[in-house]
1. Whole number in Å², please: accessible area per residue of the chain, 1.4 Å probe, ligands, DNA and RNA not counted.
2. Once you order the gyration tensor axes a ≥ b ≥ c over the Cα atoms, which shape class does the stretch 331-390 get: rounded for a/c under 1.5, otherwise prolate or oblate by comparing a/b with b/c?
3. Report in % the part of the accessible area of the stretch 277-433 that belongs to carbon and sulfur, leaving out ligands and nucleic acids; probe 1.4 Å.
4. Amide H of Gln60: which non-local residues (sequence gap of 5 or more, or other chain) have their own amide H closer than 5 Å, using H built in the peptide plane?
5. For the chain, set up a Gaussian network in which alpha carbons nearer than 10 Å are linked by springs, and say which option among Ile318, Ile84, Ile50 fluctuates the most.
6. At 7 Å along Cα-to-Cβ for each site, give me the label-to-label distance between Ser139 and Gln247 in nm.
7. I need the shape label for the chain. Rule: rounded when a/c is under 1.5, else prolate if a/b > b/c, else oblate, with a, b, c from the alpha carbon gyration tensor.
8. Using the Cβ atoms and a cut-off under 14 Å, what net charge is assigned to the surroundings of Gly153, where Lys and Arg are +1 and Asp and Glu are -1?
Amino acid sequence: MKKRQVVIIGGGPAGRTIVHMFHTSDQNVSATLIKDERINANRCAVPYGIPDEKPLEKFQIPNALVTDYGAELVIDRVAGIDTINKAVSTTAGDRYPYDDLVLSTGSRPVIPPIPGVEGQNISAVRSITDLSFLRQLASTGKRAVIVGGGYIGIEVAVVLKQMGLDVTVVEMLPTILMATTEPEFVGRVADELVEKGVHLLTNEKVVEFVHPSDDQVVVKLGSGASLAADFVVLSVGVAPNTELAAQAGIKTSRLGIGVDKHMRTDAKDVYACGDCAGKTSLVTGQPTRGEFGTNAVFMAKTVAHNILGKKKTFPGVINANVTAVYEWSLGSAGLTEQMARDAGIDVVTGYSEVLSKYPMMNQVDTIRTKLVFNRDNRKIVGGSVLRKGNCSAHNVDFISFAIQMGATMDDLMDYQYATHPELAAKPSDNIYVFATKNALTK
Ligand SMILES: Cc1cc2nc3c(=O)[nH]c(=O)nc-3n(C[C@H](O)[C@H](O)[C@H](O)COP(=O)(O)OP(=O)(O)OC[C@H]3O[C@@H](n4cnc5c(N)ncnc54)[C@H](O)[C@@H]3O)c2cc1C
């Protein structure tokens, strides 16, 4: 029997997940993955690769993660898609016919149209090329300005400060980390950054970059102030790579390539997943942003199942996310209180501060938790956690799963958990139960 030919464009987590899903399937699929980056970065780790203590290779994704899993790997750029004759063409002039096509073209950093942005010593944070450049800039520069106080900008700020640089973050919104974090938690994290010597300028816009010499950048601000820097890091968000799809007549929007619940585009046998694909919130059912590696993997699994004939639907993104700021870790899943209000949900919130261990143990800290519920149906729609150590990821995962399963306040009050003096709060105390109890008083 002829093997089903699947062409995958893009070698990030979305593209690679499809390859891995095919590898574990017993079906007759032949996959070709075409990507234009010779070596992909492990993007999540790029900020942590700026100090050159570890070899650059540690921050790369080996191409063997494609070739060892039964797919043909082509390093080339796809320049066109012929959806009628079902083939893609590359800049090298090659043509690859497909039975099914997967668009996993990812996203690219937004380069804001600020005068001088094309000048020297200004870098984005995404690719291995960016990482090499950032290594070079941070090894010679002493003063860095980071434009954008989202989680990537803050991760870079912490790393550069730990390397001994003078670091300023410029954020045009009223607070840093506004897209992912509850305001109650941002204050503590901002204080920590300031205590460690990171300068935070919020409500402040960059209006121009001036380049007095090859190795200096003057960052001019809307307030009239100027910052002298040796280099600038841009982290103001990403834009989905939709152009290839749009050229082929596939429906796209500002939020990505249009897909249905099966991750199918409006072209026959063409799917999209990952950063490049449009996303729907699992909570609201409305279009949303959600450029996270985990979302890319979940969407890609749905695509692979459908190509393999399993008719799977994707329920929408929860946008579970976590980050670290010095010894703190924080994250959220679902909607913040403000997002829920903006979505028209009648919201009730619950807050808890619970000890991380039994009180007599050493190094006991406080875990701060905020849960957001829909007052009408009592379902959890979001939650955030701030604590010391790296455990927030597990807490956010729990909240994400509770949202995914449609858990109500009553479910959370009855939830059965584990405890141990060194590992968790005492038996009567639990971060989710206490936050829910608090919400019930309202
Ligand atoms: C600094 C940083 C930190 C991050 N940290 C986290 C984190 O902690 N947790 C988390 O969940 N997410 C994180 N993310 C987000 C995560 O990395 C992305 O969501 C994820 O990489 C998206 O995967 P993808 O496969 O959709 O796209 P990508 O990883 O962008 O891969 C797309 C690939 O397609 C290729 N491509 C595009 N067009 C073409 C074409 N025409 N022809 C051939 N190839 C093409 C691109 O070159 C690229 O290799 C971070 C991102 C960055 C930049």
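The values are calculated or read from the model by the stated rules, or taken from the named source; none is laboratory data. The model shown is predicted, which means the values in this text are computed figures rather than measured ones. Using ideal geometry, Cβ is built from the backbone for each residue, glycine included, and neighbour counts are taken over all protein chains shown. Note: areas computed on protein heavy atoms with side chains; ligands, DNA, RNA excluded. Shrake-Rupley method; radii C 1.70, N 1.55, O 1.52, S 1.80 Å.
1. Working: 20220 Å² over 442 residues.
Result: 46 Å² of accessible area for each residue.
2. Values: a/c = 4.17, a/b = 2.56, b/c = 1.63.
It is prolate, given that a/c is not under 1.5 and a/b is the larger ratio.
3. Values: 3590 of 7110 Å².
Ligands and nucleic acids excluded, carbon and sulfur give 50 percent.
4. Distant-sequence amide H within range of Gln60: Asn42.
5. Among Ile318, Ile84, Ile50, the largest mean-square fluctuation in the Gaussian network model of the chain belongs to Ile84.
6. Placing both labels 7 Å along Cα→Cβ, they lie 3.6 nm apart.
7. Details: a/c = 1.80, a/b = 1.14, b/c = 1.58.
Verdict is oblate for the chain.
8. On the way: positive: Arg126, Lys161; negative: Asp130, Glu155, Glu171, Glu204.
My count for the surroundings of Gly153 gives -2.
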